[in-house]
Amino acid sequence: MTKVMIFAGTRKGGLIFTSDESRRQWAPSGLHFKAWNVMHMGMDHRDRRIHAATAHEVFGPSTHYSDDFGETWTQAEKPPVFEEPAASQRPLGTPDEAREPDEAVQKDEEVLKIWKIQPGRERETDTLYAGVEPAALFKSTDRGQTWQINQGLYDHPHRATWFPGAGGLCLHTILPHPTDSDQMWVAISTGGCYYTSDGGRTWNPRNKNVRADFLPEKFAEYGQCVHKIVMHPEHPNRLYQQNHCGMYRSDNGGESWIDIGDGKLPSRFGFPIAVHPHQPEIIYLVPEESDQFRVSVDYQFVVWRSKDAGESWQPLTKGLPERAYLVVLRDAMTTDTCEQAGIYIGTSTGQIFFSKDDGDSWQLLADYLPPIASLEAITIE
């Protein structure tokens, strides 16, 4: 029997909702990680291990995993951490010509949050990636038991100029190319989109034509506040981006971006974006009033859908509250892979809405939850 599972990361713990393919009734789990901030939780479809990125005011951030659908959890032996600085530590962002290319350079920073855990490619069966705050990329090659920093990105000369957005200086988006193990995209707030073509040894900014209205140079090489980037696995060079300063599409792997929201959407500001699992031209987003007033535009909760890769947009409101002061965070929108795909949205006031008909109509899946930081969906047999 086909089972659909929704993983919700919230400020007070994690929740799992389960249904059959009809998605008529949902069974909630108990609260996992009570009193912990669960930034992200989801299942790796390759081995059905659930991973959770957690943070505690006393115990700090860590990662956990479960092999029994959340009945028990194991904490990582070595979670993502910055090592103690070496005696010959160079200042952040300055050259170190004496260092060999493969020699690790350590920094005296502290991981504050783990924002995202991303499964690796299909053939990388034991590999996971994690994005943290302050912005850095980690990799696990043992299914989440231990984590190692990507030194190439951490040593990037731009890193000293990245600065926190309202949510902190976070690496929140990780997009491995589905078939090429050398290619990957990451997104940093506030730093921009970066791309590697050599397995993470070197990284280049990919932000051409993306606005940064808060910088002296509006179209800078880097420094943009990316809110979220998504990719359809069948078309990895087609990327969609929700940015602090607009909505964009790239048809060439981020080498350049096209503004697909200006004059078509009610706002240039928003956080989440999702792409339809079966139709790469269909995308969804939830705009907000502005960066100064982060609630639903005109106090009406509206999901906007494009069926032509952003050339045109239509508002979706059936079943959604007509007047509401709602906010959807960057990772709180997702889709399942059922034949008739479901779209799921979580709010910072604890509601989960979902659609079974491509967004034409919406239902309330859950209410009165803690603020929702992330949603992930998986369909399993």
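The figures follow:
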read-out	value
Subset of the stretch 124-145 [assigned to a loop (DSSP other than H, G, I, E, B), surrounded by fewer than 23 Cβ atoms within 10 Å (Cβ to Cβ) and either at pLDDT 95 or above or within 15 Å of the chain's Cα centre (by Cα) (or both)]	D126, T127, P134, T141, D142, R143, Q145
Strands (runs of 3 or more DSSP E) wholly inside the stretch 1-104 that include at least 2 residues being among the hydrophobic types (A, V, I, L, M, F, W, C) and modelled with pLDDT of 95 or more	3-10, 13-20, 37-44, 49-56
Filtered residues of the stretch 197-214 (kept if of a type in the set (A, V, I, L, M, F, W, C) and modelled with pLDDT of 95 or more)	W203, V210, A212
Of residues in the stretch 343-363 being touching a Pro at 6+ places or on another chain (Cβ under 9 Å) and surrounded by fewer than 22 Cβ atoms within 10 Å (Cβ to Cβ), the one nearest to I273 (Cα to Cα)	S348
Output for the stretch 216-240, where each listed residue is among the aliphatic types (A, V, I, L, M) and at pLDDT below 95	none
Among residues of the stretch 308-326, those that are touching a strand residue (DSSP E or B) at 6+ places or on another chain (Cβ under 8 Å), part of a loop (DSSP other than H, G, I, E, B), of a type outside the set (S, T, N, Q) and surrounded by fewer than 17 Cβ atoms within 10 Å (Cβ to Cβ), counted	3
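The values are calculated or read from the model by the stated rules, or taken from the named source; none is laboratory data. Note that this is a predicted model, so its numbers are computed, not measured. Here Cβ is always computed from backbone atoms with ideal geometry, including for glycine, and neighbour counts include all displayed protein chains.
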